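Everything on this sheet refers to the single structure shown next.
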Amino acid sequence: MVQLTKIIRMSEIAKNIKLVEEKILKACSKRSPEFENIKPRLVAVSKIKPASLIIDAYEAGQKYFGENYVNELVDKSNHPDILTRDIRWHFIGHLQRNKVNKVLSVPNLFMIETVDNDKLATAINSSWQKYRKQDDHKINVMVQVNTSNEPEKSGCKIEETSALVKHILENCKNLKFSGLMTIGAYGYDPSNGPNPDFLSLKKCREIVSNELSLDINNIELSMGMSTDYEHAIELGSTNVRVGSAIFGERPPKTL
Ligand SMILES: *Cc1c(COP(=O)(O)O)cnc(C)c1O
């Protein structure tokens with residue numbers, strides 16, 4: 001009986017991943033030709049979900065996973081059944097400087113998507129020397145932008161983005177600047193037209209590319225979650241963070 005429930009649950013997650021991947025491909029086909037060579041990365045957001053479900057998703061072909069909470073990421077990434085698998089972790093939560101060492105200690109850490117101030121970038125840069133496995137291994141980072149300008153949201157201001165990217169490029173040699181990330185306002189209905197947060201992030205990328213003379217194709221856009229990843233891809237997202245559409249609904253936040 002135990003075995004049976006396991007099979008049913010596994011196929012459920014595998015089915016969800018397959019469906020999301022199909023929808024990603026479909027959304028790709030609707031993009032303008034400038035994006036045609038970009039294959040968006042699917043990050044499966046596994047916060048609050050147990051290691052066993054992550055393994056199910058991995059066995060269904062999923063490689064990139066995202067977590068919001070430092071302690072949870074440390075625990076899951078060190079789980080014996082996860083350590084043996086080639087999982088790439090994205091940290092996508094708010095990061096305080098006193099937690100930088102913990103995040104960098106994560107085995108197979110692939111990307112920190114939420115760098116939003118100079119001091120945090122500097123702290124990651126100096127600590128990474130202790131944790132990297134090879135001298136020339138840079139840690140991928142994205143700059144989180146508060147495109148909706150909501151005071152309770154993390155992320156740098158739109159107009160501060162270039163200066164922060166410049167700081168990373170000039171002073172943080174152990175970091176690889178990979179792109180820009182936004183969460184954006186919740187509950188936007190794409191039938192009202194392009195999501196203004198996604199348009200803002202694109203605009204930010206243009207400004208960063210122009211002001212710092214960077215090839216725009218080397219600046220990723222992390223935008224889109226379960227309710228709007230297809231829409232985000234149509235607008236040029238290169239990295240979607242999808243949780244509930246893969247792992248099922250999470251219990252509502254109690255904070
Ligand atoms: C939880 C979370 C997601 C995934 O949200 P879903 O709606 O479950 O897809 C994506 N990005 C961030 C930053 C999150 O915190």
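By the count of neighbouring beta-carbon atoms within 10 Å, fewest first, I216, I139 end up ordered I216, I139.
Diffusion of the chain by Stokes-Einstein, at 37 °C in a medium of 0.692 mPa s and with Rh set to the Kirkwood radius over alpha-carbon pairs, works out to 175 µm²/s. Please work out the C-alpha center-to-center distance from region 8-49 to region 153-194 and express it in whole Å. Between the Cα centre of region 8-49 and that of region 153-194, the gap is 22 Å.
For K102, a cut-off of 13 angstrom between C-alpha atoms picks up these aspartates and glutamates, skipping any fewer than 8 places away in its own chain: E72, D75.
Here the chain is scanned for GluC sites (Glu not before Pro) in DSSP loops (not H, G, I, E, B) that have at most 14 other Cβ atoms within 10 Å, and the longest stretch holding none of them is 37-151. Sorting Y229, Y188 from the fewest to the most surrounding beta carbons within 10 angstrom yields Y188, Y229.
Just so you know, all these numbers are worked out from the coordinates, no wet-lab data involved. None of these values were measured; they are calculated from a predicted model. In this analysis, Cβ positions are derived from the backbone assuming ideal geometry, glycine residues included, and neighbour counts consider all displayed protein chains.
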